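Asker: Right, I'll just put the structure down here and ask away after.
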Amino acid sequence: MGTDKDTHSSFFSESKNNEQIIIKRCKVKDLDGVIEVNEKELPEDYPYFFYKSILDNFPESFLIAHNINGKIIGYIMWRVEKTPSINSLRYVNYGHLVSIAVSEPYRRKGIASSLLTNSMLAIKKNKIKKYVLEVRVSNYSAIKLYEKFKFKIESIKKNYYRDGENAYFMTLDINDG
Ligand code: ACO
Ligand code: ZN
């Protein structure tokens with residue numbers, strides 16, 4: 001796990017076969033590697049400018065994982081959204097998990113957990129009331145990951161994905177904010 005709470009600096013995440021994995025903030029030069037992982041691991045692809053605008057606006061919570069050769073094998077990105085609060089006319093900030101993925105050979109080594117733990121601390125600095133995300137109802141491993149982080153299914157978004165699959169809307173309240 002992390003040896004440094006400040007995501008400006010790198011830290012090391014131990015993996016099962018002792019290959020050293022480094023987690024750090026994404027830089028513009030890393031975006032091609034991020035996009036490569038996304039296109040291999042997820043059906044939801046985004047244009048380059050989308051990644052770039054997330055990086056420009058929310059750089060502290062855009063993290064990558066790379067191996068000792070510098071190959072990017074995972075990423076996570078968040079954005080902050082203003083949403084009308086249920087019981088008042090005011091707006092509240094939500095931290096929205098836009099996307100996370102880890103390359104297949106590197107899964108089940110705690111890399112996504114490490115990416116989540118560190119990026120959640122970073123996005124929280126935007127005075128958010130909760131963490132939110134959508135996940136395919138069939139995405140067992142991701143749902144298990146989010147449940148491990150205490151996310152709860154708040155609702156189902158019908159036909160959320162282009163292929164018609166439903167999404168679980170999962171949320172985690174921030175109590176001390
Ligand atoms: N089966 C059951 N539980 C799982 C699985 C699985 N295949 N994978 C992860 N988990 C759960 C377990 O509780 C695990 O803890 P444990 O290993 O101690 O049992 C916990 O999640 C943490 O696992 P990590 O090793 O940290 O997760 P990993 O690095 O393997 O990455 C991820 C998980 C990101 C979901 C990976 O499988 C992946 O990249 N999948 C394809 C992309 C994807 O689906 N991304 C999420 C889309 S939704 C969104 O982006 C908002
Ligand atoms: Zn979303």
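The values are calculated or read from the model by the stated rules, or taken from the named source; none is laboratory data. These numbers come from a predicted model, not from an experiment. Counting neighbours? That spans all protein chains shown, and the Cβs are built from the backbone with ideal geometry, glycine included.
Asker: Got a sec? Which of Asn69, Asn93 is assigned to a loop (DSSP other than H, G, I, E, B) and away from ligand 1 (no atom under 13 Å from the Cβ)?
Answerer: Asn69 is the lone residue from the list that is assigned to a loop (DSSP other than H, G, I, E, B) and away from ligand 1 (no atom under 13 Å from the Cβ).
Asker: Scanning for something surrounded by 22 or more Cβ atoms within 10 Å (Cβ to Cβ), over 15 Å from Leu133 (Cβ atoms) and small (Gly, Ala, Ser), does the range 58-67 turn up at least one residue?
Answerer: yes
Asker: Give the range 114-144 a look and list any residue that's touching a Phe, Trp or Tyr at 6+ places or on another chain (Cβ under 8 Å), within 7 Å of ligand 1 (Cβ to nearest atom) and either within 18 Å of Lys24 (Cα to Cα) or not charged (D, E, K, R) (or both), or say none.
Answerer: Leu133, Val135, listed by residue number.
Asker: Same structure again: Check Ser99, Ser103, Ser53 and return the single one that is small (Gly, Ala, Ser), at pLDDT 95 or above, near ligand 1 (Cβ under 10 Å from one of its atoms) and under 23 Å from Asn126 (Cα atoms).
Answerer: Only one candidate passes the filter, namely Ser99.
Asker: A further question follows. Residues in the range 104-159 that are closer than 21 Å to Lys40 by Cα and not in a helix (DSSP H, G or I): how many?
Answerer: Residues in the range 104-159 being closer than 21 Å to Lys40 by Cα and not in a helix (DSSP H, G or I): 11 in total.
Asker: Turning to a different aspect of this structure: Here are some residues: Ser103, Ser61. Which one is more than 16 Å from ligand 2 (Cβ to nearest atom), of a type outside the set (A, V, I, L, M) and under 15 Å from the mean Cα position of the chain (by Cα)?
Answerer: The match here is Ser103.
Asker: Here's something else I'd like to know. With Ile86, Ile153, Ile143 as the choices, which residue is without any contact (Cβ under 8 Å) to a residue 60 or more places away in the chain, surrounded by fewer than 20 Cβ atoms within 10 Å (Cβ to Cβ) and in contact with a Lys or Arg (Cβ under 9 Å, 6 or more places away or on another chain)?
Answerer: Result: Ile143 is the single residue among Ile86, Ile153, Ile143 that is without any contact (Cβ under 8 Å) to a residue 60 or more places away in the chain, surrounded by fewer than 20 Cβ atoms within 10 Å (Cβ to Cβ) and in contact with a Lys or Arg (Cβ under 9 Å, 6 or more places away or on another chain).
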